[in-house]
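Novice: The structure that follows is given in the form of structure tokens.
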Amino acid sequence: MTILVAVYALTIGVGYAMRKFGTYNGKETTVFLSIATIGAVLWLSIILRHPLDLNDAIGFIIERVLR
């Protein structure tokens with residue numbers, strides 16, 4: 001579990017450094033953070049032996065947003 005958190009933090013750190021020294025806008029940063037977080041949640045669910053169905057999760061989020 002600690003390795004997962006370390007890899008996630010490293011990924012976010014590298015993404016932040018790329019954003020700071022490159023020419024990226026806010027939307028690209030948001031997409032990067034979203035994809036990295038979704039990946040971390042999926043790996044966590046696999047490690048905990050309770051796989052997350054991504055389609056159900058996206059459907060749940062869309063239902064909550066559209067209400």
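Novice: Does the stretch 42-55 hold any residues that are closer than 25 Å to V5 by Cβ and open to solvent by 70 Å² or more (accessible area, probe 1.4 Å), and which are they?
Specialist: Narrowing the stretch 42-55 to residues closer than 25 Å to V5 by Cβ: 42-54.
Once the filter is applied, which keeps residues that are closer than 25 Å to V5 by Cβ and open to solvent by 70 Å² or more (accessible area, probe 1.4 Å), the stretch 42-55 yields W43, I46, I47, L48, R49, H50, P51, L52, D53.
Novice: Here's a follow-up. How many residues are open to solvent by 80 Å² or more (accessible area, probe 1.4 Å) and either more than 25 Å from T2 (Cα to Cα) or in contact with a helix residue (DSSP H, G or I) (Cβ under 9 Å, 6 or more places away or on another chain) (or both) if we restrict to the stretch 12-37?
Specialist: Summing the residues that are open to solvent by 80 Å² or more (accessible area, probe 1.4 Å) and either more than 25 Å from T2 (Cα to Cα) or in contact with a helix residue (DSSP H, G or I) (Cβ under 9 Å, 6 or more places away or on another chain) (or both) in the stretch 12-37 gives 10.
Novice: State yes or no: is T29 in a loop (DSSP other than H, G, I, E, B) and either without any contact (Cβ under 8 Å) to a residue 24 or more places away in the chain or of a type outside the set (F, W, Y) (or both)? I'd like the intermediate steps shown before the answer.
Specialist: Values: in a loop (DSSP other than H, G, I, E, B): no; either without any contact (Cβ under 8 Å) to a residue 24 or more places away in the chain or of a type outside the set (F, W, Y) (or both): yes.
Considered against the rule, which asks whether it is in a loop (DSSP other than H, G, I, E, B) and either without any contact (Cβ under 8 Å) to a residue 24 or more places away in the chain or of a type outside the set (F, W, Y) (or both), T29 comes out as no.
Novice: Could you give me the residue pairs with C-beta distances under 9 Å whose first residue belongs to the stretch 38-66 and is under 19 Å from T11 (Cβ atoms), whose second residue is of a type in the set (V, I, T) and surrounded by 10 or more Cβ atoms within 10 Å (Cβ to Cβ) wherever it lies, and which are 6+ apart or on separate chains?
Specialist: G39/T11; A40/V5; A40/V7; A40/T11; W43/V7; L52/V41; L52/I46; L54/I38
Novice: For the stretch 56-67, name all the residues that are open to solvent by less than 70 Å² (accessible area, probe 1.4 Å) and either touching a His at 6+ places or on another chain (Cβ under 9 Å) or farther than 21 Å from M1 by Cβ (or both). Let's see the steps before the verdict.
Specialist: Of all residues in the stretch 56-67, those open to solvent by less than 70 Å² (accessible area, probe 1.4 Å) come to 57, 59.
Answer for the stretch 56-67, where residues must be open to solvent by less than 70 Å² (accessible area, probe 1.4 Å) and either touching a His at 6+ places or on another chain (Cβ under 9 Å) or farther than 21 Å from M1 by Cβ (or both): just G59.
The values are calculated or read from the model by the stated rules, or taken from the named source; none is laboratory data. Bear in mind that the values here come from a model prediction, so they are computed numbers and not experimental data. Here Cβ is always computed from backbone atoms with ideal geometry, including for glycine, and neighbour counts include all displayed protein chains. Remember, those area values only see protein heavy atoms, side chains included, never the ligands or the DNA or RNA. Shrake-Rupley method; radii C 1.70, N 1.55, O 1.52, S 1.80 Å.
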